[in-house]
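Heads up, the thing below is written out as structure tokens.
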Amino acid sequence: MYTLKTKGHFDAAHFLKGYAGKCANLHGHHWTVTVEIQGETLQTDEQHRGMLVDFGDLKADLKAACDGFDHRLIYEAGSFSETAMQALSEEGFSGRAIPVRPTAENLAKLFCDEMTAKGYDVRRVEVYETPNNMAAYEPEDKDQGGH
């Protein structure tokens, strides 16, 4: 089994509604996302001969995923009032609503799902809120096919 791993970054704010601690307050991180993909067969066409996937493609796809969060407020859909969202929007702030609480664990799964949807056989995704705090997600079904 061959594996490739690449890393992306984004800066974003979030908060954990209903959490009894300081993370209930709006705060930001310099997030780091690592994606590890796998496959058993290397490509044979001349351009990609000997590669599982072109690193350039993998990096571009991860960058696109990270760019969707960069310099935004990540929040769980429904956790802000319409009035608050309208006020933020009128001030030029951009947010990114997601269907789950914006924890590192949930973001790891969201990135895994997005990269899987792009055709990658994802082995593991790691999301770092800080250099020392990381959550990972590994899909149960590793036999997904893909790139």
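Taking the residues in segment 1-29 that are more than 23 Å from V122 (Cβ to Cβ), part of a strand (DSSP E or B) and in contact (Cβ under 8 Å) with a residue 40 or more places away in the chain as candidates, determine which candidate is nearest to the chain's Cα centre (by Cα).
Selected residue: D11.
With respect to the numbered conditions (1) in contact (Cβ under 8 Å) with a residue 60 or more places away in the chain; (2) in a helix (DSSP H, G or I); (3) over 14 Å from the mean Cα position of the chain (by Cα), which one is the sole condition not fulfilled by Q38?
(2)
I'd like the full set of residues that are surrounded by 14 or more Cβ atoms within 10 Å (Cβ to Cβ) and farther than 18 Å from I74 by Cα, limited to segment 126-141.
A136, Y137, E138, P139
In segment 19-77, what count of residues is obtained for those that are of a type in the set (D, E, K, R) and touching a Lys or Arg at 6+ places or on another chain (Cβ under 7 Å)?
Going through segment 19-77 one residue at a time, the tally reaches 4.
In segment 87-120, how many are outside any helix (DSSP H, G or I), hydrophobic (A, V, I, L, M, F, W, C) and over 25 Å from A135 (Cα atoms)?
1
For segment 41-86, enumerate the residues that are in a loop (DSSP other than H, G, I, E, B), of a type in the set (V, I, T) and surrounded by 10 or more Cβ atoms within 10 Å (Cβ to Cβ).
The answer is V53, and nothing else.
Can N132 be described as at pLDDT 95 or above and outside any loop (DSSP other than H, G, I, E, B)?
no
What tally of residues in segment 88-109 results from selecting those that are hydrophobic (A, V, I, L, M, F, W, C) and out of contact with any Phe, Trp or Tyr (no Cβ under 9 Å at 6 or more places or on another chain)?
Number of matching residues: 2.
Scan segment 21-34 and tell me whether some residue there is among the charged types (D, E, K, R), at pLDDT 95 or above and under 30 Å from E76 (Cβ atoms).
Among the residues of segment 21-34, at least one is among the charged types (D, E, K, R), at pLDDT 95 or above and under 30 Å from E76 (Cβ atoms), which makes the answer yes.
Could you please let me know if A87 is more than 14 Å from the chain's Cα centre (by Cα), over 14 Å from F15 (Cα atoms) and of a type in the set (G, A, S)?
Against the criterion (more than 14 Å from the chain's Cα centre (by Cα), over 14 Å from F15 (Cα atoms) and of a type in the set (G, A, S)), A87 qualifies.
Pairs please, first residue from segment 106-133 and more than 17 Å from L52 (Cβ to Cβ), second anywhere and at pLDDT 95 or above and acidic (D, E), Cβ atoms under 7 Å, 6+ apart in sequence or on different chains.
A108/E126
Looking only at segment 110-141, count every residue that is closer than 21 Å to G39 by Cβ and out of contact with any His (no Cβ under 9 Å at 6 or more places or on another chain) and tell me the total.
Total meeting the criteria: 18.
The values are calculated or read from the model by the stated rules, or taken from the named source; none is laboratory data. Treat the numbers as computed from the prediction; the structure is a model and nothing was measured. Cβ sites come from the backbone with ideal geometry, for glycine too, and all protein chains shown count toward neighbours.
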